[in-house]
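Encoded as structure tokens, the structure appears first; notes follow it.
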Amino acid sequence: MSRQNLRQTFGEDAELYDRVRPAYPRELFDELARIVGERPRVLEIGPGTGQATAAMVQRGWSVTAVELGAELASVLQRKFPAVEVVVADFDTWDLPPADFDLVVSATAFHWLDPATRVQRCVDVLRPGGALAVVSTHHVAGGSEQFFVDVQSCYDRFTDDAAKGGLPAADDVPHDPEGLAETGFFGSVEFRRSVRDVDYSTAEYLELLSSYSGHRALTTDRRDGLYECIGGLIDAAGGSITKRYLNQLSVGISLNQPLA
């Protein structure tokens, strides 16, 4: 399935996505506030149903959100009536004037066109504005033996199973989107947060159903994969622990620094 089609799968069950996708660590937004100030005007790209939006709304930040999926956008608007929600593809959206203090994209930046995404973000920033990218990585830790054993399920039921196991958090590059190499920023700052989340069998299978690659499988393959994974979790006592690494990269534009 193409990248464009995979992008569309997230909106197929917006309520599921909202229920199972974890929020982001508060400390990352504490760090972001220290970098850009407490009252930025924000453009958020690919908010989904608001897993990162919530932290910004709670701070009283003014947020305009551009979301590709109409169903996801509907849930987002219902949850956060004060947010201006635009249903559009950021790659082709007619850009507004350059008066945003901050552009944020949380676990969505990699879906944008790599040839134009940074330039388009910079184009909507006021002088001295910032681009903040949050990336999410599945890393070694938690129920480590389960994540070794579960590879056999993916080998049986998918064609593009990942090989080599999960990386250690310390082995994940600090600048996965390469912001420091673009030449658009006077400085780039990095922060990271590692956390463990517990899932029951049913909760973990629901989480998997929110991922584009799993949704793209045929029904027979997906059912077989979930039966295999569910059996492993049940055999491990009915729950597993998953370790996440969230990384924050903040590029400050080359113009005057943020006040």
Among (1) under 18 Å from residue 56 (Cα atoms); (2) touching a residue at least 40 places away in the same chain (Cβ under 8 Å), residue 90 falls short only on (1)
Cβ pairs under 8 Å, 6+ apart or interchain, first in segment 213-226 and touching a residue at least 60 places away in the same chain (Cβ under 8 Å), second open to solvent by less than 80 Å² (accessible area, probe 1.4 Å) and in a loop (DSSP other than H, G, I, E, B), ordered by first then second residue, are 213/158; 215/209; 217/158; 221/158; 225/158; 225/217
Expected output for segment 108-127 (first residue closer than 15 Å to residue 88 by Cβ, partner among the polar types (S, T, N, Q), Cβ below 8 Å, 6+ apart or cross-chain) is 112/105; 121/105
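Taking the criterion of being touching a Cys at 6+ places or on another chain (Cβ under 6 Å), buried (at least 17 other Cβ atoms within 10 Å of the Cβ) and not aromatic (Phe, Trp, Tyr), would at least one residue in segment 109-125 satisfy it? Step through it out loud before you land on a result.
As a first pass, look at segment 109-125 and keep what is touching a Cys at 6+ places or on another chain (Cβ under 6 Å): none.
Within segment 109-125 (the criterion being touching a Cys at 6+ places or on another chain (Cβ under 6 Å), buried (at least 17 other Cβ atoms within 10 Å of the Cβ) and not aromatic (Phe, Trp, Tyr)), the answer is no, since none of the residues qualifies.
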In segment 210-235, residues that are closer than 18 Å to residue 20 by Cα and open to solvent by less than 20 Å² (accessible area, probe 1.4 Å) total 5
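Any idea which residue in segment 191-209 is nearest to residue 31 (Cα to Cα), counting only those that are of a type outside the set (D, E, K, R) and open to solvent by 30 Å² or more (accessible area, probe 1.4 Å)? Before you say what the answer is, go through the steps one by one.
The first filter runs over segment 191-209 and keeps only residues of a type outside the set (D, E, K, R), leaving 193-194, 197, 199-202, 204-205, 207-209.
Cutting the leftovers down to open to solvent by 30 Å² or more (accessible area, probe 1.4 Å) gives us 194, 197, 200, 202, 205.
Working: 194: 15, 197: 22, 200: 31, 202: 34, 205: 32 Å.
Out of the qualifying residues, it is 194.
The values are calculated or read from the model by the stated rules, or taken from the named source; none is laboratory data. If you're wondering where the values come from, they're calculated on a predicted model, not measured in any experiment. When we count neighbours, we look across all protein chains shown, and the Cβ atoms used for this are built from the backbone with ideal geometry, even at glycine. The protein model used for the area step is the full one, side chains on, heavy atoms only, and it has no ligands, DNA or RNA in it. Shrake-Rupley method; radii C 1.70, N 1.55, O 1.52, S 1.80 Å.
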